[in-house]
Amino acid sequence: MKRLIVLIITVCTVFSCGEEIRFNSPAIQAKKNGEFWRSVTYAADIDYGGFLIEGSNNFETLQLFTDNDTRGTFQLGGDNSSVAIFKDVNGVIYSTANTPDPSLSVYPADGEIIIEEISNDDPKQISGKFWFNAYSSDGLSYVNFSQGVLFDVPNVGGLLIMDNQGSCLQATQQAANAENAFNQTDITMPDYTDLCNAYKLALEEQLSACGDPGGSIQSTIDSLGDCQ
């Protein structure tokens, strides 16, 4: 009897005796709206200056994008350029770049992607964690992912980002490059006006492609003045 009790405890310890995340290698898995979700295909790419990680169970597709290709914690939602996107079995696309309709009293679009390990293998393998709340484009539908796990996802390339996020990410990257060039000059230098105008134009394109829910892009544009 005692040996049976010990065996039951051991099994519960190993398999969590419930609906905890079951681990695979490689793996992209989580709880979607409280129910276990696991991909059967998984891949990563480096695009727009960051990691694009994708998993699918043949009916639904999850994509996670970080705004650079290093280890770290990447915030989602608001004005953050990192994004989580999910396409459900009906083709509805949810994104942390969308905002909830004002009529809803629910969670904001937010979350985190945590890149913990990047192996030196060929291809490189990416491991980490994630969670997020995302909304449909009209803000009326919602999906939650929690306890997300990325394990040894191979960086094999060939991915394309879903929805219209590609244009937003490209515009964000171009704005970042323009900002970096602008920050290398000052008002006394002969190329200041040209670099300032280039930065303003890149910000305006970013605003058009991504929107500006927090108002920070427009605020930066306003702060540049007439670039004289």
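The values are calculated or read from the model by the stated rules, or taken from the named source; none is laboratory data. Since the structure is predicted, the reported quantities are computational estimates derived from the model, not experimental observations. We place every Cβ from the backbone using ideal geometry, glycine too, and count neighbours over all the protein chains shown.
A few points about this structure:
- Checking VAL143, VAL156, VAL149 one by one, the residue that is surrounded by fewer than 16 Cβ atoms within 10 Å (Cβ to Cβ), assigned by TED's automatic domain parsing to the domain that holds ALA30 and in contact (Cβ under 8 Å) with a residue 60 or more places away in the chain is VAL156 and no other.
- Search result, residues across segment 149-203 that are touching a Leu at 6+ places or on another chain (Cβ under 6 Å) and aromatic (Phe, Trp, Tyr): PHE182
- Residue satisfying all of: in segment 194-228; without any contact (Cβ under 8 Å) to a residue 40 or more places away in the chain and among the acidic types (Asp, Glu); surrounded by the most Cβ atoms within 10 Å (Cβ to Cβ) among these: GLU205
- Across segment 177-190, the number of residues qualifying as over 27 Å from TYR48 (Cα atoms) and surrounded by 10 or more Cβ atoms within 10 Å (Cβ to Cβ) comes to 1.
- Qualifying residues in segment 68-80 (those that are part of a loop (DSSP other than H, G, I, E, B) and more than 10 Å from the chain's Cα centre (by Cα)) - the one surrounded by the most Cβ atoms within 10 Å (Cβ to Cβ): ASP69
- Evaluation of SER137 against (1) crowded, with 19+ Cβ neighbours inside 10 Å; (2) in contact with a strand residue (DSSP E or B) (Cβ under 9 Å, 6 or more places away or on another chain) (one fails), failing number: (1)
- Any pair with Cβ under 9 angstrom, 6 or more apart, that starts in segment 95-116 at a residue that is at positive phi and ends at one that is among the β-branched types (Val, Ile, Thr): GLY111/THR96
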